[in-house]
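First the structure, in the form of structure tokens, and then the observations on it.
The values are calculated or read from the model by the stated rules, or taken from the named source; none is laboratory data. The model shown is predicted, which means the values in this text are computed figures rather than measured ones. With ideal geometry, Cβ positions are generated from the backbone for all residues, glycine too; neighbour counts draw on all protein chains shown. Accessible surface is based on the protein model in full, side chains and every heavy atom, while ligands, DNA and RNA are left aside. Shrake-Rupley method; radii C 1.70, N 1.55, O 1.52, S 1.80 Å.
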Amino acid sequence: MVKFARNSFKEKKFIIFGGGFSGQFIANEIRNLGCEALTSSRQIQKNTTSFVFDSLSSVLPPENIFDGTTHVLSCIPPDKSGKDPVLSRLHNKLKSLDLEWVGYLSTTGVYGNTFGEWVTEKDPVKPLQDRSKRRLQCERSWLDSNLPIQIFRLPGIYGPGRSTFESILKKNIKVIHKPNQVFSRIHVADIANAIIYLILKINNQNFKQIINIADNYPTSQIEVIEHSYKLLGLKMPKPINFDDAKKLLSPIALSFWEENRRVSNTLLCKDLGYELIHKNYKSGLQSCLEIIKEKKII
Ligand SMILES: NC(=O)c1ccc[n+]([C@@H]2O[C@H](COP(=O)([O-])OP(=O)(O)OC[C@H]3O[C@@H](n4cnc5c(N)ncnc54)[C@H](OP(=O)(O)O)[C@@H]3O)[C@@H](O)[C@H]2O)c1
């Protein structure tokens with residue numbers, strides 16, 4: 001983990017909409033730097049660092065949480081109509097604040113299928129799935145929001161508690177072989193660390209509004225699963241050919257196999273100088289495994 005000077009973040013207050021997997025992880029990293037970070041949830045939580053927000057109900061965040069807020073990050077996916085849950089309910093509120101930075105977690109699904117080719121932020125967006133079309137609609141709403149917005153396009157997110165290990169241990173993994181199919185990935189620690197790194201670079205003239213955060217090594221899902229079984233010391237089941245597996249997959253799971261992309265991180269890592277914590281899945285999985293062992297899950 002890059003060591004940031006605690007005082008560069010002094011007196012900043014973050015509101016993170018969507019305290020799910022990434023939102024919580026990012027909030028914790030920000031708190032480790034000495035800043036306040038509140039996260040939203042649709043249900044009341046016991047801790048004092050969370051507040052309730054549900055765009056589909058009339059439950060809006062209490063007014064006082066916005067006092068002194070300098071940074072806002074949304075980790076909430078689009079609603080079913082393609083509206084952004086945060087903007088649809090809180091746009092005016094956010095505009096009334098003196099915000100230094102607003103971040104939005106998007107997906108690399110907006111690029112559509114590149115048939116295995118590399119894709120950069122400069123390439124045209126061609127969303128294939130309806131959910132990716134809705135995502136693009138949300139990105140555009142944020143870009144038009146008159147807020148100091150920075151958008152992060154993310155591939156498959158994994159990390160402690162959400163990796164192939166959990167799927168293997170819960171026995172709900174499908175080992176599927178589809179030749180020449182690759183997926184890009186990112187460890188959640190790199191999402192958090194890259195975002196903090198970029199916030200600290202805000203005054204730099206080289207500000208970029210849309211940035212991919214992906215690791216260096218897109219690869220097949222089966223390679224990752226095989227490595228995970230090896231690390232666990234277990235025998236991987238015989239792979240199922242994709243054509244046979246189709247019948248076993250849910251429509252949403254199947255839709256992920258319709259896209260074949262290598263997501264480039266050149267802008268983030270070369271042009272903007274961010275150094276990945278986990279350059280590839282092997283490094284990321286090793287760190288997930290250490291946490292599983294620490295918690296004595298295996
Ligand atoms: N998972 C991936 O592999 C992946 C890949 C690329 C991009 N993304 C995107 O990156 C973002 C973060 O991903 P994640 O996997 O960390 O998300 P996650 O764990 O699924 O968390 C989503 C958060 O959004 C909140 N939420 C959902 N609908 C809401 C609504 N209508 N009103 C208020 N809050 C709502 C959830 O509230 P509760 O806490 O109450 O459930 C949760 O806190 C999401 O936009 C996701 O689509 C994910």
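Work out the FRET efficiency for Glu223 and Lys133 from their Cβ-Cβ distance, taking R0 = 22 Å, and round it to the nearest 0.05.
Given R0 = 22 Å and the Cβ-Cβ separation, E is 0.15.
By accessible area of protein heavy atoms, probe 1.4 Å, what ranking do Thr48, Thr108, Thr120 get, highest first?
Sorted by accessible area, descending: Thr48, Thr120, Thr108.
Would you calculate the convex hull of the Cα atoms in the stretch 224-298 and tell me its volume per residue in Å³?
Once divided by residue count, the hull of the stretch 224-298 is 144 Å³.
Which of Gln137, Gln150, Gln205 ends up with the largest GNM mean-square fluctuation for the chain, with Cα atoms connected below 10 Å?
Greatest mean-square fluctuation among the candidates belongs to Gln205.
Please sort 153-161, 228-236, 266-274 by packing, taking for each peptide the average over its residues of neighbouring beta carbons within 10 angstrom, highest first.
153-161, 266-274, 228-236
Among Pro62, Ser96, Phe183, which residue has its Cα positioned farthest towards the positive end of the charge dipole of the chain, with +1 placed on the Cβ of Lys and Arg, -1 on the Cβ of Asp and Glu, and the dipole taken about the Cα centre?
Towards the positive end, the residue furthest out is Phe183.
Counting alpha carbon pairs within less than 8 Å and at least 6 residues apart, what relative contact order, in whole percent, applies to the chain? Let's see the in-between values first.
Numbers: 496 pairs, mean separation 53.5, N = 298.
Relative contact order here is 18 percent.
Restricting to DSSP H runs of at least four residues, report the calculated mean residue ellipticity at 222 nm for the chain, -39500 (n - 2.57) per run over all residues, nearest 500 deg cm²/dmol.
On the way: 9 runs with 93 residues, N = 298.
Roughly -9500 deg cm²/dmol at 222 nm, from the helical runs in the chain.
Can you give me the relative contact order of the stretch 199-283 as a percent, contacts being Cα pairs under 8 Å and 6 or more apart?
52
Tell me which of Leu154, Ile199, Asn241 sits at the most positive position along the dipole axis of the stretch 153-298, charges placed on C-beta atoms (Lys, Arg +1; Asp, Glu -1).
Asn241
Report Lys279's accessible area, 1.4 Å probe, all protein chains in place, as a number in Å² to the nearest 10.
90
Compute the projected area of the convex hull of the Cα atoms of the stretch 150-298, averaged over all viewing directions, and report it in nm² to one decimal place.
9.6
With a Förster radius of 45 Å, plug the Cβ-Cβ distance of Ile65 and Glu117 into 1/(1 + (r/R0)^6) and report the FRET value to the nearest 0.05.
E(calc), rounded to 0.05, equals 0.55.
If the chain between Lys293 and Leu200 were fully stretched, how many nm would it gain, using 0.36 nm times the residue separation less the Cα-Cα distance?
Full-extension gain reported as 30.1 nm.
If you average the C-alpha positions of the stretch 37-112 and of the stretch 228-298 separately, how far apart do those two centres end up, in angstrom?
Measuring centre to centre over Cα atoms gives 28 Å.
Determine, for each peptide in 214-224, 242-252, 17-27, the mean count of other beta carbons within 10 angstrom over its residues, then list the peptides with the highest first.
Ranked from most to least packed, the peptides come out as 17-27, 214-224, 242-252.
Spelling out what I want: for every residue of the stretch 8-16, take phi, set θ = phi - 60°, compute 6.51 cos²θ - 1.76 cosθ + 1.60 (Karplus), and round to whole Hz; glycine and proline get x.
Residue by residue, the stretch 8-16 yields 5, 10, 4, 6, 8, 10, 10, 10, 10 Hz.
How many nm is it between the label spots at Asp98 and Asn216, if each spot is 7 Å from the Cα in line with the beta carbon?
4.3
What's the angle, to the nearest 10 degrees (0 to 90), between helix 188-200's Cα axis and the longest principal axis of the chain?
Approximately 30 degrees, to the nearest ten.
Taking the 0 to 90 degree range and rounding to the nearest ten, how far is the long axis of helix 21-32 tilted relative to the main principal axis of the chain, both from C-alpha atoms?
Around 50 degrees separate the two axes.
Suppose R0 equals 25 Å; then what is the FRET efficiency for Leu143 and Trp257 from their Cβ-Cβ distance, rounded to the nearest 0.05?
Once the sixth-power term is evaluated, E becomes 0.25.
Which of the pairs Lys178/Lys230; Lys270/Lys295; Lys12/Lys296; Lys80/Lys174; Lys93/Lys126; Lys80/Lys282 have their Cα atoms more than 25 Å apart in this structure?
In this structure, Lys270/Lys295; Lys12/Lys296; Lys80/Lys174; Lys93/Lys126; Lys80/Lys282 exceed 25 Å between Cα atoms.
Could you compute the net charge surrounding Gln24? Neighbours are other residues with a C-beta less than 12 Å from the C-beta of Gln24; K and R count +1, D and E count -1. List each step's numbers first, then the result.
Numbers: positive: Arg31, Arg162; negative: Glu29.
Here the charged neighbours net out to +1.
Charges only on Cβ, +1 for Lys and Arg, -1 for Asp and Glu: so what's the dipole of the chain about the Cα centre, in debye to the nearest 20? Don't skip to the end; give the middle numbers.
Working: 42 positive and 29 negative charges, 143 e Å.
So the magnitude is around 680 debye.
Go ahead and collect, in residue order, the members of the stretch 118-146 whose backbone nitrogen is under 11 Å from a label point 7 Å along the Cα-Cβ direction of Asp271.
Once the point is set 7 Å along Cα→Cβ of Asp271, 120-123 turn out to lie under 11 Å by backbone N, inside the stretch 118-146.
To check you understand DSSP bridge types, tell me what percent of the beta bridges within the chain (both residues inside) are antiparallel, rounded to 5. Please list the in-between numbers first.
On the way: 2 of 33 bridges.
So the antiparallel bridges in the chain amount to around 5 percent.
What's the angle, to the nearest 10 degrees (0 to 90), between helix 221-232's Cα axis and the longest principal axis of the chain?
With rounding to tens, the tilt is 90 degrees.
Under a straight-distance cross-link criterion of Cα-Cα below 13 Å, which aspartates and glutamates are reachable from Lys10, leaving out those fewer than 8 residues away in the same chain?
Within reach: Glu36.
Tell me, what is the percent relative contact order of the stretch 1-112, built from C-alpha pairs under 8 Å that lie six or more residues apart?
The value is 24 percent.
Over the stretch 114-237, what per residue volume does the convex hull of the Cα atoms give, in whole Å³? Intermediate values should be presented prior to the final figure.
Details: hull volume 17.9 nm³, N = 124.
Value for the stretch 114-237: 145 Å³ per residue.
Ranked from highest to lowest mean number of other Cβ atoms within 10 Å per residue, what is the order of the peptides 77-84, 62-69?
Highest to lowest by the protection proxy: 77-84, 62-69.
How much of the pair distance distribution for the chain lies past 35 Å, counting alpha-carbon pairs only, in percent?
Of all Cα-Cα pairs in the chain, 19 percent lie more than 35 Å apart.
Give, as ranges by residue number, the residues of the stretch 234-252 whose backbone N falls under 14 Å from the point 7 Å along Cα→Cβ of Lys80.
No residue qualifies, since no backbone N sits under 14 Å from the label point.
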